[in-house]
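Beneath this line is the structure, given in structure tokens, with notes to follow.
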Amino acid sequence: MRIGVIGGGAWGTALAQVAARGGQPVTLWAREPDVVESVNAAHENRQFLAGVPLSESIRATGDLAELANHDALLVVAPAQHVRAVLAAAPVGSTPLVLCAKGIEAGTRLLVGEVAHQAAPDAPIAVLSGPTFAHEVARGLPTAVTLACEDEALRTALAERLAGPAFRTYASADVIGAEIGGAVKNVLAIACGVVEGAGLGLNARAALIARGFAEMTRFGLARGGQAETLTGLSGLGDLVLTCSSTNSRNFSLGVGLGQGRSAAALLADRKTVAEGAHTAPVLREAAAEAGVDMPVTAAVNALLEGAAVREVIEALLSRPLREELA
Ligand SMILES: NC(=O)c1ccc[n+]([C@@H]2O[C@H](COP(=O)([O-])OP(=O)(O)OC[C@H]3O[C@@H](n4cnc5c(N)ncnc54)[C@H](O)[C@@H]3O)[C@@H](O)[C@H]2O)c1
Ligand SMILES: O=P(O)(O)OC[C@H](O)CO
């Protein structure tokens, strides 16, 4: 199975490295000419994944047309850009594996739903889970959910991408796999705020547990399965992203918790913190589905400039409720 990768950020590059295992040829499309040059000449992505030696069988290109005639395309552009990139790529009926984590602004569609609109003839799969790109690219042990409704295709993709330190768990629940990845980015911002504001580890654990409760409410309302939400792409990724400053979303939250403005923090970034883009759309989608998401509401308030102390007080003064309600 010949693999092409759309997106030469940290995750697209790490996944190209996974797909190139054993010297298999992989085409990596990157938007930045410097990335193309550095991957081809130095076998390193100096802009987004500096310091990790890449397989020589990864060939980078800036020309989307070179992704024609591949057997599967991994789509790793940030969620808000997936529609535009797919419109320009030679997709046809080539299977697409969506690897971005987010919800599209305006449409409130998950990335797989966007891909289905942009490339209606292409079978859709989703790869998601607790995966810091630099660890995957270095070959550290990692496990992911590979979701696709078509059993033969998900088995083929899971086998093609699996390696000694990269375990793929197949699933038929595409919606559930996508919702975990999209929602955990918003919750990770909240956990970063707790860290930045010095609110302690009890508070962070409470946020992870109550955040998972709201991820589950929303996931079930959108048609995901509870087992997927408790799996790698849901709870697994939530725990990872809520516990390390290696997470861009968590780090953004740390800055907010220290009293810096979202505008200043986002203006400083060269890499993507998907939670900042997903939070407002998730609030709309939750309202539409009639789902209560208080942590998501708090993250939105902080991104819009509310003071940390006020937002925390508002969260803590909500009426007491049954834990399982
Ligand atoms: N980095 C990780 O550890 C990791 C792990 C799993 C999933 N993801 C997800 O993968 C997706 C990509 O993240 P990343 O970490 O590879 O990105 P990155 O932060 O390393 O790099 C930014 C990427 O955004 C692209 N970009 C910027 N503007 C664009 C535009 N107008 N059109 C198309 N592309 C544009 C850049 O070309 C680059 O590929 C995100 O949804 C992220 O949540 C990341
Ligand atoms: O750095 P983050 O916060 O975008 O998280 C990266 C991955 O999604 C972790 O699974």
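Can you say whether ARG204 is within 16 Å of ligand 2 (Cβ to nearest atom), open to solvent by 20 Å² or more (accessible area, probe 1.4 Å) and part of a helix (DSSP H, G or I), as far as the supplied structure shows? Show your work before the answer.
Details: within 16 Å of ligand 2 (Cβ to nearest atom): yes; open to solvent by 20 Å² or more (accessible area, probe 1.4 Å): yes; part of a helix (DSSP H, G or I): yes.
Taking the combined requirement at face value, the residue satisfies it.
Which of the following residues is touching a helix residue (DSSP H, G or I) at 6+ places or on another chain (Cβ under 6 Å), within 27 Å of VAL239 (Cβ to Cβ) and of a type in the set (Gly, Ala, Ser): ALA118, ALA89, ALA125?
Among ALA118, ALA89, ALA125, only ALA125 is touching a helix residue (DSSP H, G or I) at 6+ places or on another chain (Cβ under 6 Å), within 27 Å of VAL239 (Cβ to Cβ) and of a type in the set (Gly, Ala, Ser).
Please find, within region 110-139, the residue that is most open to solvent (accessible area, probe 1.4 Å) out of those that are away from ligand 2 (no atom under 13 Å from the Cβ) and in a loop (DSSP other than H, G, I, E, B).
ARG138
Considering region 211-269 alone, what residues qualify as being within 28 Å of GLU288 (Cβ to Cβ), without any contact (Cβ under 8 Å) to a residue 24 or more places away in the chain, open to solvent by 60 Å² or more (accessible area, probe 1.4 Å) and not small (Gly, Ala, Ser)?
Correct list: LEU220, THR230, LEU266.
Here are ALA143, ALA182: which of them is touching a Lys or Arg at 6+ places or on another chain (Cβ under 7 Å), open to solvent by less than 10 Å² (accessible area, probe 1.4 Å) and within 15 Å of ligand 2 (Cβ to nearest atom)?
Working: ALA143 fails: open to solvent by less than 10 Å² (accessible area, probe 1.4 Å).
Result: ALA182 is the single residue among ALA143, ALA182 that is touching a Lys or Arg at 6+ places or on another chain (Cβ under 7 Å), open to solvent by less than 10 Å² (accessible area, probe 1.4 Å) and within 15 Å of ligand 2 (Cβ to nearest atom).
Under the condition of being under 19 Å from the mean Cα position of the chain (by Cα) and of a type in the set (A, V, I, L, M), which residue from region 255-281 is nearest to ligand 1 (Cβ to nearest atom)?
The extreme case among them is VAL272.
If VAL272 meets every condition in (1) in contact (Cβ under 8 Å) with a residue 40 or more places away in the chain; (2) in a helix (DSSP H, G or I); (3) within 16 Å of ligand 2 (Cβ to nearest atom) apart from one, which number is that one?
Among (1) in contact (Cβ under 8 Å) with a residue 40 or more places away in the chain; (2) in a helix (DSSP H, G or I); (3) within 16 Å of ligand 2 (Cβ to nearest atom), VAL272 violates only (2).
The values are calculated or read from the model by the stated rules, or taken from the named source; none is laboratory data. Please read these numbers as outputs of a predicted model, since none were measured by experiment. Cβ coordinates were reconstructed from backbone atoms using ideal geometry, including for glycine residues, and neighbour counts include every protein chain displayed. SASA here: full protein model, heavy atoms, side chains in, ligands and nucleic acids out. Shrake-Rupley method; radii C 1.70, N 1.55, O 1.52, S 1.80 Å.
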